[in-house]
Amino acid sequence: MPKLVFPARRCNIFKSYLDALSFLTVIRFKTKDFDGRRAVYSFVPVGLTVGLPLWLFYTYAQAYLPQTAMAVITVLYLVLITGALHLDGLADTADGIFSFRDREKMLEIMKDSRIGTMGAVAIVMTLIVKAFSAYSISNPLYLLVIPAYSRFSMVFGFYMFKYARETGTAAAFFGNFSPLVFAQGILLLCISYFFGAYQFAIFNIAFLIFVYLITRLYKSRIGGITGDMLGAMCESSEAFLFLVAVCLW
């Protein structure tokens with residue numbers, strides 16, 4: 001898939017954001033000395049950046065397009081803007097975790113570029129849930145924050161686990177994180193109060209329960225985390241929150 005490449009000014013204030021945006025999306029900025037660990041601190045703003053076009057699209061296009069078309073466009077956009085990076089991780093993780101083998105065999109399966117049955121099922125089910133949920137969502141604000149919540153879920157993975165491999169694409173993102181890595185995510189949780197008090201409470205509780213359950217699964221099966229598993233956290237939490245949004249509105 002072709003990449004969109006832009007020159008970036010040397011500005012330390014935005015560097016972590018640009019590094020995160022360059023990794024998590026197909027939009028590429030030329031920055032020197034890529035710092036994956038610092039980029040993790042900007043995953044939430046990148047999620048808001050991903051969600052902003054969706055929010056604007058639903059706000060202004062729903063008067064002109066049928067809901068079915070908008071749902072399809074939403075799913076296509078989420079796949080294309082990430083270059084299917086997280087979907088690939090979801091497929092590999094499903095193949096590995098649900099093979100019910102020992103830890104080393106699971107990691108070996110995840111490393112295989114071929115997609116197995118469980119991986120294919122996971123991708124199809126995730127896209128179906130997103131499409132049908134997008135069809136039913138009536139509050140466009142959810143489309144702004146859900147991509148940010150899903151990227152926030154990966155922050156928990158970085159903070160709670162050690163990298164499960166010796167080397168790999170995601171290795172550069174791991175290190176000792178300060179609790180401040182959660183600061184922007186906590187602010188995001190507060191923003192969701194604009195949904196209303198009831199929706200705010202249920203949406204955030206559902207998100208935190210999901211993060212707890214998936215991290216427990218990872219801990220019991222692998223005892224660590226990989227880049228694929230982080231991608232699976234992003235995709236699965238995004239689909240789950242789409243479904244929660246439909247149930248709340």
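The values are calculated or read from the model by the stated rules, or taken from the named source; none is laboratory data. Because the structure is a prediction, the values reported are computed rather than measured. Positions of Cβ are generated from backbone atoms using ideal geometry, with glycine treated the same way; all protein chains shown enter the neighbour counts. Side chains included, ligands, DNA and RNA excluded: accessible areas come from the protein's heavy atoms. Shrake-Rupley method; radii C 1.70, N 1.55, O 1.52, S 1.80 Å.
Quick one: how many residues across the stretch 1-33 are among the small types (Gly, Ala, Ser) and modelled with pLDDT under 55?
Let us first name the residues in the stretch 1-33 that are among the small types (Gly, Ala, Ser), namely 8, 16, 20, 22.
Within this subset, residues satisfying the condition of being modelled with pLDDT under 55 are 8.
Residues flagged as among the small types (Gly, Ala, Ser) and modelled with pLDDT under 55 within the stretch 1-33 amount to 1.
Checking each residue in the stretch 113-134 for being open to solvent by 50 Å² or more (accessible area, probe 1.4 Å) and over 19 Å from the mean Cα position of the chain (by Cα) picks out Ser113, Arg114, Ile115, Thr117, Met118.
In the stretch 143-158, is there at least one residue being in a loop (DSSP other than H, G, I, E, B), buried (at least 19 other Cβ atoms within 10 Å of the Cβ) and not charged (D, E, K, R)?
First pass over the stretch 143-158, keeping only residues in a loop (DSSP other than H, G, I, E, B): none.
Checking the stretch 143-158: not a single residue is in a loop (DSSP other than H, G, I, E, B), buried (at least 19 other Cβ atoms within 10 Å of the Cβ) and not charged (D, E, K, R).
Among residues of the stretch 230-242 that are under 13 Å from Leu78 (Cα atoms), those with a Cβ under 8 angstrom from a residue that is not in a helix (DSSP H, G or I), sequence gap 6+ or separate chain, pair up as Phe242/Ile137. Take Arg101 and tell me if it is among the charged types (D, E, K, R) and modelled with pLDDT of 95 or more. Against the criterion (among the charged types (D, E, K, R) and modelled with pLDDT of 95 or more), Arg101 does not qualify.
With the structure loaded, tell me whether Ser42 is in contact (Cβ under 8 Å) with a residue 40 or more places away in the chain, of a type in the set (Gly, Ala, Ser) and in a helix (DSSP H, G or I) or whether it fails that test.
On the way: in contact (Cβ under 8 Å) with a residue 40 or more places away in the chain: yes; of a type in the set (Gly, Ala, Ser): yes; in a helix (DSSP H, G or I): yes.
It is true that Ser42 is in contact (Cβ under 8 Å) with a residue 40 or more places away in the chain, of a type in the set (Gly, Ala, Ser) and in a helix (DSSP H, G or I).
Candidates Thr74, Thr117, Thr169, Thr82: the one that is out of contact with any strand residue (DSSP E or B) (no Cβ under 6 Å at 6 or more places or on another chain) and under 19 Å from Tyr218 (Cβ atoms) is Thr169. When Phe194 is tested against the conditions (1) open to solvent by 20 Å² or more (accessible area, probe 1.4 Å); (2) more than 30 Å from Tyr60 (Cα to Cα); (3) not in a loop (DSSP other than H, G, I, E, B), the lone failure is (2).
Does Ile109 count as without any contact (Cβ under 8 Å) to a residue 24 or more places away in the chain and assigned to a helix (DSSP H, G or I)? Give the steps one after another, and end with the answer.
On the way: without any contact (Cβ under 8 Å) to a residue 24 or more places away in the chain: yes; assigned to a helix (DSSP H, G or I): yes.
So Ile109 fits the description; yes.
Count of the stretch 59-78 residues, restricted to those that are at pLDDT below 90 and open to solvent by less than 50 Å² (accessible area, probe 1.4 Å), is 1.
With respect to the conditions (1) at pLDDT below 90; (2) open to solvent by 30 Å² or more (accessible area, probe 1.4 Å); (3) over 25 Å from Cys247 (Cβ atoms), Gly36 lacks only one, and its number is (2). Which residues, taken from the stretch 135-182, are within 18 Å of Gly231 (Cα to Cα), of a type in the set (A, V, I, L, M, F, W, C) and more than 19 Å from the chain's Cα centre (by Cα)? Hit for the stretch 135-182 is Ala164, nothing else.
When you go through (1) in a loop (DSSP other than H, G, I, E, B); (2) surrounded by 22 or more Cβ atoms within 10 Å (Cβ to Cβ) one by one for Phe177, which number turns out not to apply? If we test Phe177 against (1) in a loop (DSSP other than H, G, I, E, B); (2) surrounded by 22 or more Cβ atoms within 10 Å (Cβ to Cβ), just (2) comes out false.
Looking across the stretch 217-249 at every residue that is touching a strand residue (DSSP E or B) at 6+ places or on another chain (Cβ under 9 Å) and of a type in the set (Gly, Ala, Ser), the one that is surrounded by the most Cβ atoms within 10 Å (Cβ to Cβ) is identified as Gly227.
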